[in-house]
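Trainee: Let me begin by handing over the structure; questions about it come next.
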C-alpha cells in the first residue's frame, strides 16, 4: 500500500458534522426553480445546500440527490435538472420511521424506468438503519417510494445490472481497524428485505474491502460496471479502486486493487462512460475529477484550490457524470479537516467541464 496523505477526520467527527453543520449558516429554502446558461456551472437553489449523487434520464435531464447535510433544517430532496439546466423539485424522499429524516445519496436508473437510491441513516448511536429505496415511476413521473432493503449501516452507491441491485456499505463494522466495508447484491424480484444482524454476516454480502487509512471513516463508495460486466468500487479512504470479476454462477471470482496511484487521493463517485471508455472519478480530497481509462491511464480533467465554485471551479466534488459533450460534477461542499475545501458557502453548484479538451 502506497503512502498517502491521511486526513485528520475520524468517524465521530463525520457524524458530528452531519448533526451540527446546520448551525454553521442558515439559508431560507426557496420553491423557485433556477436555470443556468453559464457554460461553467449550474447554480442550485437554496433547497439544494448539499448535492450528492446523480443519474441520467433518457431525455437529456438527470436527477440529483440532495441530502442537505450542511443545513439539515432544510428537508432532503431529489431534484431534476432539465436538458436546459433548469433545476426543479422532483421527489421528496420519505423520512425513516425511526430517525425521522431522509438521506438520499447514490441514485441510479433501472431498465424498468424506476429509480433506486441509497437512504443513508447512519449515526454514531444508530446502526443498521440505512435503506435502499425504489421510486416507482409512471409515465415519467415519480409515484411513491418502496423499501427494497433495510439494515445497512452506510448505504452509499447503487447500481443495477442484469436483474440485480448492487449497493456499497461504507462501514460494515463501525470502529473496525482496518475499516471493513463492502458490496451487497440483491435480486430485483423481491422487496422489503431486512438484512441479518450484524450486517457483515448477511449472505447478500458479495465482497469486502479494507481501508488502511485509520483516520477516515468511509470505505467502499462509488460503483460502476464496464461493458464486460466487471464491477469497480471506489475506496474513499485510501483513494484506490477495486475491481470485482464474477464467475458463471454470479459469484465474485476476483477482488483486486485495480488502481492505486498517488494522482488519485480519494475515490468517491464513479461513472463509466462508454464513448470515451473511461471511468470518471470524483476526488473529494483534492478538489479534482479524473478520467481513468480501462488500462489504468489517468487524465485529470480539473483540479483547483479552495473556492466557492462561483466561477465553475470544483467545490469538493463527490460525483461526476457525462452528459453529451460535458462532464457534470456535483459539488457537495461539505468541508472537513484535511481536504482542500475549508468553508461551506454559496453558491451551491454543479460544475460543467468539457468532455474533451
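The values are calculated or read from the model by the stated rules, or taken from the named source; none is laboratory data. Source: prediction; values computed, not measured. Heads up, the Cβs are rebuilt from the backbone with ideal geometry, glycines too, and the neighbour counts pull from every protein chain shown.
Trainee: Give me a count of the residues in segment 70-89 that are under 16 Å from residue 324 (Cα atoms) and surrounded by fewer than 24 Cβ atoms within 10 Å (Cβ to Cβ).
Mentor: Adding up the residues that qualify gives 4.
Trainee: For residues in segment 143-163 being in a strand (DSSP E or B) and in contact (Cβ under 8 Å) with a residue 60 or more places away in the chain, which is farthest from residue 199 (Cα to Cα)?
Mentor: This residue is 161.
Trainee: Within segment 103-135, which residues are assigned to a loop (DSSP other than H, G, I, E, B), at pLDDT 95 or above and either within 17 Å of the chain's Cα centre (by Cα) or on the phi > 0 side of the Ramachandran plot (or both)?
Mentor: Selection gives 103, 110, 113, 120, 121, 128.
Trainee: Let me ask something else about it. Within segment 203-222, track down each residue that is in a strand (DSSP E or B) and within 22 Å of residue 335 (Cα to Cα).
Mentor: 211, 220, 221, 222
Trainee: So, in segment 244-289, how many residues would count as being closer than 22 Å to residue 317 by Cβ and in contact with a strand residue (DSSP E or B) (Cβ under 9 Å, 6 or more places away or on another chain)?
Mentor: Qualifying residue count for the region: 29.
Listed here are the residues, each with its yes/no results for (1) modelled with pLDDT under 95; (2) more than 18 Å from the chain's Cα centre (by Cα); (3) surrounded by fewer than 19 Cβ atoms within 10 Å (Cβ to Cβ); (4) assigned to a strand (DSSP E or B).
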position: 47; (1), (2), (3), (4): no, yes, no, no
position: 52; (1), (2), (3), (4): no, no, no, no
position: 63; (1), (2), (3), (4): no, no, no, yes
position: 68; (1), (2), (3), (4): no, no, no, no
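Trainee: Can I ask one more? In this structure, does residue 173 turn out to be touching a strand residue (DSSP E or B) at 6+ places or on another chain (Cβ under 9 Å), surrounded by fewer than 21 Cβ atoms within 10 Å (Cβ to Cβ) and either closer than 25 Å to residue 254 by Cβ or modelled with pLDDT of 95 or more (or both)?
Mentor: The answer is yes for residue 173.
Trainee: Being in a strand (DSSP E or B) and free of Cβ contacts under 8 Å to residues at least 24 places away in the same chain is the filter; apply it to segment 224-257 and report the residue that is nearest to residue 155 (Cα to Cα).
Mentor: Once the filter is applied, the top-ranked residue is 243.
Trainee: OK, next. Which of the residues that make up segment 94-120 are within 14 Å of residue 67 (Cα to Cα) and crowded, with 23+ Cβ neighbours inside 10 Å?
Mentor: Matches in segment 94-120: 102, 103, 104, 105, 106, 107, 117, 118, 119, 120.
Trainee: Name every residue in segment 310-346 that is surrounded by fewer than 17 Cβ atoms within 10 Å (Cβ to Cβ), at pLDDT 95 or above and outside any strand (DSSP E or B), in order of residue number.
Mentor: Answer for segment 310-346, where residues must be surrounded by fewer than 17 Cβ atoms within 10 Å (Cβ to Cβ), at pLDDT 95 or above and outside any strand (DSSP E or B): 324, 325.
Trainee: Across segment 88-102, what is the number of residues that are outside any loop (DSSP other than H, G, I, E, B) and within 27 Å of residue 200 (Cβ to Cβ)?
Mentor: 0
Trainee: If I ask for residues that are touching a helix residue (DSSP H, G or I) at 6+ places or on another chain (Cβ under 8 Å), closer than 26 Å to residue 146 by Cβ and outside any loop (DSSP other than H, G, I, E, B), which ones from segment 171-202 would you list?
Mentor: Matches in segment 171-202: 182 only.
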